[in-house]
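For reference, the structure is listed below as C-alpha cells.
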Amino acid sequence: MRLWDLLELLGKFVVFVCKYGFSKCMRTAVCGLAVMLLLLTWHYWRKRRTGRSADLGFYSWLLLFPAAFTGMSRIFFQRWSIGLQSGIHILGDTWVSGGYFVILLALLGWWLAGKHVLSKRVCKLYCWYAPKMSSHRGTQDWQHCIRRVTDGDRRGLARWYLKRARVYISGQGISPYCGGIFRPYIVMPDLYLEPMGESPITGVEQRSSSSEQRSSSSEQRSSSSEHRSRGSERFCKGEQFYREREREESRGNFESAGEPGYRGWGLTEQGKTLLCHELLHLKSGHILWINLFALLRIYWWFNPLVYLCEKLLRQDMEQACDEGCLYYTGVSEREYGRLLLAMAARQENMRLAGAATFLRDRDYHSLRNRIGSLRGKCGLRKYRLIHRNLTLGCAALLVLGVLTVGATSYPRYTRMQELFLYDEGLRLICNDTPQLREAVQVVDGFLQIDSERMDACLKELEIEGEYVYLSFDTIMKVPGSGGCGNVGMIEPGNYEDIFYLRAETWENDLLEFCLKYLL
C-alpha cells in the first residue's frame, strides 16, 4: 500500500472516530447531566441539615463515573430518543465533532503538562523524609502522625501505603498539599518546622546561640499565654511570625555547622495537624479520585455543571479530612478553625493539577463552610464505624451502577449476520430476505453460494447488470454505527469466482481491531 493510500485510509478512520466518538460522548453527557442535577439538588438540600457527613457528600459525587460509560446503553435507542439521536448525528456530520476532539486533546495536554511541571517542582524541593532515608529526630514526628491516622487499621494496608510517602519542605509561603497515586508525596511549608534540641548526627547539644533563641522564644510565649489558653496559644498568629524569624536564624546555625538544611527539624503542633490532614487525603484515596474526576471534566468540558461538581467534590473532600483531623489528632474545633483562618491570611490561592491542597479556596463562603462544618464530635469508635459503613455503602452503590450500565448496554461489538445485496450502482436491493439467506452462506469469512437458488433470487428481484455486490460480516457498535466487514463482487452465473473487496493487509486488520476494542 502506498503512503498516499495509507494516509487516505487513516483520514477516513479519523473522520469515523470523530463522528462515532462525538455521538457516544453526547449520549454520556445526557445521562451525566441527569445525574448531576440529582446530585446537586441533593447536595444543596443536605447542606441545610445539621450533622451531615462530609464523607457521604464526597462519595456521592463518584456516582457520576457510571454515567460516563452509558454511551452504548440501550436506553438511547428507543422511540423517545429518536429526536435526540437525529440531532446528535446532524452535529456529528459537521465540524463540531472535530472541534470537540481538538479542544479535548488541548485540555488533556494542558492538564498533563501541569502535572509534569508540578512533579518537576516537587523534585527540586528538600526531601525531609523518604522510606530509605536514614532516620533523624524529625522522623519520630512523621511516625507518630502515621500511627494516629492509621489507628484501627487491622490489616496494616493503610500504614504500609503511607510509609511509602515522601515529605518535601518548601521555603515558599504555600499551603500544604499532597499528590501521587503510586508514589505518594506531601509538601509542607517550613513555617511549621522547628529545630529540635539535639543534633541528628552527633547527638550533642546545639550551639548556645540556638539555646538563647529558644529561651527568648519561650519567654515571649509565656507572656503571650497570659492572654489566651494554653491549647490555643500554639495556634496563635503572633507566635507563627516569631517562630519564622527564629527558624531563619537557627537554620543558618545548622547550615554553618555543615548539616543539611532541615534535617533533624521537627514539626510544630500545627505542623502535625497539617501533616495528619494530608495523610488522610492519601489514606482515603482522594488523589486517585480527583485525577479521575479531572479526566471526567475534560471529557465533558462543554458542560458547565461539571466544573461546579468538581468544586463541590473538593470542598466535601477537604471537609471530610477536617472532620477526620478532629478525631485523630485530638485538636479542638476552636484551634482548628484558627488554623484555617491563619492559613487563609498568609497563603495564596493554589491550582495544582492532580494534587489535594489544605487550603485551595480562600473565599469567604468556602472558609465559612469549612469552619461551620467543625461540629461537636462523637466518639472515635463511632466515627470509624460511620466512616466504614459509608464507604461500604457508597462502594456498593458504585458497583451497582456499573453493573446496571453493563447490563443495559450493547456488547463491545456485534458481528452482524445479515446479508445486504446491492446492484452495480450500489443501491440496496434487499436486506437479508429468506430467499437470499437460503442461497448464500458465510463460512469462515467466505461466501458459499447455491447457484440455482441464487439465480432464482436474482430473477425474482429483476436485477440487471454484470455484477452485484454482497456485503457481510459487518461490525456494529450501536445501531447506525459500525463498519469493516467484507464485500463480495459477484458475477451472475459465475458463483465460483468471487472477488472480495477487503484486502487482507495489516492496515485493515489494525482498523478492525481499533473498531472492535478501542472505540
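The values are calculated or read from the model by the stated rules, or taken from the named source; none is laboratory data. Owing to the predicted nature of the structure, the values given are computational and were not obtained by experimental measurement. Cβ coordinates were reconstructed from backbone atoms using ideal geometry, including for glycine residues, and neighbour counts include every protein chain displayed.
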Original post:
How about region 490-499: which of its residues are in a strand (DSSP E or B) and surrounded by 14 or more Cβ atoms within 10 Å (Cβ to Cβ)?
Top reply: Ile490, Glu491, Tyr495, Ile498
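Here's the yes/no breakdown for (1) within 17 Å of Leu367 (Cβ to Cβ); (2) in the same structural domain as Gly372 (by TED's automatic domain parsing); (3) modelled with pLDDT under 85:
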position: Asn253; (1), (2), (3): no, no, yes
position: Gly258; (1), (2), (3): no, no, yes
position: Leu274; (1), (2), (3): yes, no, no
position: Trp289; (1), (2), (3): no, yes, no
position: Trp300; (1), (2), (3): no, yes, no
position: Cys309; (1), (2), (3): no, yes, no
position: Leu312; (1), (2), (3): yes, yes, no
position: Met343; (1), (2), (3): yes, yes, yes
position: Arg351; (1), (2), (3): no, yes, yes
Original post:
Just checking, how many residues over region 35-88 are within 27 Å of Tyr413 (Cα to Cα) and over 20 Å from the mean Cα position of the chain (by Cα)?
Top reply: 17
Original post:
Quick one: Leu515 ticks every box in (1) closer than 26 Å to Leu6 by Cα; (2) part of a loop (DSSP other than H, G, I, E, B) bar one, so which box is it?
Top reply: (2)
Subject >> Elements of type strands (runs of 3 or more DSSP E) in region 372-485, at least 3 residues being hydrophobic (A, V, I, L, M, F, W, C) and within 26 Å of Cys31 (Cα to Cα) >> reply: 475-478
Original post:
On the given criteria, is Pro434 loosely packed, with under 13 Cβ neighbours inside 10 Å and within 45 Å of the chain's Cα centre (by Cα)?
Top reply: no
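For (1) surrounded by fewer than 20 Cβ atoms within 10 Å (Cβ to Cβ); (2) of a type outside the set (Asp, Glu); (3) in contact (Cβ under 8 Å) with a residue 24 or more places away in the chain, each residue gets a yes or a no:
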{"position": "Leu10", "(1), (2), (3)": "yes, yes, no"}
{"position": "Leu33", "(1), (2), (3)": "yes, yes, yes"}
{"position": "Leu37", "(1), (2), (3)": "yes, yes, yes"}
{"position": "Leu40", "(1), (2), (3)": "yes, yes, yes"}
{"position": "Arg48", "(1), (2), (3)": "yes, yes, no"}
{"position": "Gly71", "(1), (2), (3)": "no, yes, yes"}
**OP:** Determine, yes or no, whether Gln435 is in contact (Cβ under 8 Å) with a residue 24 or more places away in the chain and either under 20 Å from Arg415 (Cβ atoms) or touching an Asp or Glu at 6+ places or on another chain (Cβ under 8 Å) (or both).
**Re:** yes
**OP:** Please enumerate the residues belonging to region 486-512 that are at pLDDT 80 or above and either within 21 Å of Cys25 (Cα to Cα) or aliphatic (A, V, I, L, M) (or both).
**Re:** Val487, Met489, Ile490, Ile498, Leu501
**OP:** Name every residue in region 120-160 that is surrounded by 13 or more Cβ atoms within 10 Å (Cβ to Cβ), small (Gly, Ala, Ser) and free of Cβ contacts under 8 Å to residues at least 40 places away in the same chain, in order of residue number.
**Re:** Ala130
**OP:** Could you tell me which residue of region 12-25 is farthest from Arg297 (Cα to Cα), considering only residues that are surrounded by fewer than 19 Cβ atoms within 10 Å (Cβ to Cβ) and among the hydrophobic types (A, V, I, L, M, F, W, C)?
**Re:** Phe13
Original post:
Has region 304-318 got at least one residue that is in contact (Cβ under 8 Å) with a residue 12 or more places away in the chain and among the aromatic types (Phe, Trp, Tyr)?
Top reply: no
